[in-house]
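Before any comments, here is the structure.
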Amino acid sequence: MLPTPPVARGLPRIHMLRGATVHNFPVVVLIVAITLAFDFSNGWHDAANSIATIVSTRVLKPAQAVAWAAFWNFIAAFVFGTAVATTIGTGLVHLQAINEQVLISGLLGAILWNLITLVLGLPTSSSHALMGGYGGAAVARAGFAALILSGWTKPILFIFIAPFVGLFFALVVSITTSWVVRRHSPSTVDMWFRRLQLVSAAGYSLGHGTNDAQKSMGIITMALVAGGLLKSYAVPFWVILVCHLAMGTGTMAGGWRVVRTMGQRITKLTPFGGFSAETAGALTLIGTAHFGIPVSTTHTITGAIVGVGASRRLTAVRWGVTRRILWVWLLTVPGAAAIGAGIYYVLSQWRS
């Protein structure tokens, strides 16, 4: 588990604030409710990441696919730890710069960004939307001194690294499995990988569930500590359960416009390609979750799908679609931060 960062010293704007305080129980309940709403929107928005490959290869029908993904999203609650939750809760913003307005503004900023990109059919990152909204609201309250700059290094770097890790694993899996099945007929290979894709989709949904649900766990646990309901930062088991349940329910709702972008517009997928992309995504997400690095499931699976296409030939990838997605990725943190900061300004003016 990552250590709680020390209290910032020599930061005058933060020193004068009241600190990490949530003033009453109803406000804590409101923050928990909004966080679970974000978790639902995360599952709804990122359902495309979990099911795009298995739907586009016609291994499962959409309703079956979302049920399969939602089930494994929830099962992840009983498999992995809370290293990512600790990073989100204690590693990005100095705790004394946080109050209920910062938490609520950050969450609403992330939810609004999710809704905007969902309507546009763009596979953006809910994880980076949450980080951006939360960081933007904290900066609006206390200036840039509110941020723990060292804590942002890995998440920002992995905006660029995660897609390439997914791409690399997809290339390795694609090339390796191609060699293994080289002497079998296409129909036999298709039959095998239709079955194997159920396993790879389950693995990816496990990775998605553990990495993304932990971000909401971090926010809820921080609210509980700030409200005096927890003496120290440790994620309660009930928080783990409700976050995974909210994400699984959101996944059941599905985000079908994004499914189309992810599943067919980047490159045409077969069951063999779907298996390779999901396996690569699962390896990346589970590995980064183990080390407490909050990465984007969207970035990871997009890189993996590009890797599958590139393993056939570079022209199999629709690079125009990929460039459009990349621009949205780069704009997610500052865009959500601007929305979070704007909401904080409105709430602070209303309170005053």
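The single condition among (1) within 17 Å of VAL333 (Cα to Cα); (2) more than 19 Å from the chain's Cα centre (by Cα); (3) open to solvent by less than 40 Å² (accessible area, probe 1.4 Å) that LEU130 does not meet is (2).
Summed over segment 76-122, residues that are open to solvent by 40 Å² or more (accessible area, probe 1.4 Å) and touching a strand residue (DSSP E or B) at 6+ places or on another chain (Cβ under 9 Å) total 0. Give segment 69-91 a look and list any residue that's in contact with a Leu (Cβ under 7 Å, 6 or more places away or on another chain), within 27 Å of VAL328 (Cβ to Cβ) and not polar (S, T, N, Q), or say none. Result: TRP72, ALA76, GLY91.
Scanning for something part of a loop (DSSP other than H, G, I, E, B) and on the phi > 0 side of the Ramachandran plot, does segment 224-233 turn up at least one residue? Yes. One residue alone among LEU103, LEU107, LEU112 is modelled with pLDDT of 85 or more, assigned to a helix (DSSP H, G or I) and under 14 Å from the mean Cα position of the chain (by Cα), and that residue is LEU107. Is there a residue being open to solvent by 40 Å² or more (accessible area, probe 1.4 Å) and farther than 17 Å from TYR134 by Cβ anywhere in segment 197-210? Yes, segment 197-210 contains at least one residue that is open to solvent by 40 Å² or more (accessible area, probe 1.4 Å) and farther than 17 Å from TYR134 by Cβ.
Residues to consider are ILE148, ILE159; find the one that is open to solvent by 10 Å² or more (accessible area, probe 1.4 Å) and touching a strand residue (DSSP E or B) at 6+ places or on another chain (Cβ under 7 Å). Give the derivation first.
Values: ILE159 fails: touching a strand residue (DSSP E or B) at 6+ places or on another chain (Cβ under 7 Å).
Exactly one of ILE148, ILE159 is open to solvent by 10 Å² or more (accessible area, probe 1.4 Å) and touching a strand residue (DSSP E or B) at 6+ places or on another chain (Cβ under 7 Å), namely ILE148.
Candidates LEU245, LEU167, LEU241, LEU171: the one that is open to solvent by 10 Å² or more (accessible area, probe 1.4 Å), touching a Ser or Thr at 6+ places or on another chain (Cβ under 8 Å) and over 24 Å from ALA338 (Cα atoms) is LEU171. ALA138 - would you say it is assigned to a helix (DSSP H, G or I), of a type outside the set (Ser, Thr, Tyr), open to solvent by less than 20 Å² (accessible area, probe 1.4 Å) and free of Cβ contacts under 8 Å to residues at least 60 places away in the same chain? So ALA138 fits the description; yes. Of all the numbered requirements in (1) modelled with pLDDT of 80 or more; (2) over 29 Å from ARG195 (Cβ atoms), ASN73 misses one, and that requirement is (2).
Identify, please: which residue in segment 267-291 is part of a loop (DSSP other than H, G, I, E, B) and more than 26 Å from LYS154 (Cβ to Cβ) and is, among those, modelled with the lowest pLDDT?
From segment 267-291, those part of a loop (DSSP other than H, G, I, E, B) are 267-270, 291; that's our starting set.
Keeping just the survivors that are more than 26 Å from LYS154 (Cβ to Cβ) gives 267-270.
Numbers: THR267: 48, LYS268: 61, LEU269: 66, THR270: 74.
Among them, the one singled out is THR267.
When segment 25-62 is limited to residues that are more than 17 Å from ALA277 (Cα to Cα) and at pLDDT below 75, the one that is surrounded by the fewest Cβ atoms within 10 Å (Cβ to Cβ) turns out to be PRO62.
The values are calculated or read from the model by the stated rules, or taken from the named source; none is laboratory data. Computed from a predicted model, the values in this text were never measured in an experiment. As a convention, Cβ positions derive from the backbone with ideal geometry for all residues, glycine included, and neighbour counts pool all protein chains shown. For accessibility, only protein heavy atoms count, side chains too; no ligands or nucleic acids. Shrake-Rupley method; radii C 1.70, N 1.55, O 1.52, S 1.80 Å.
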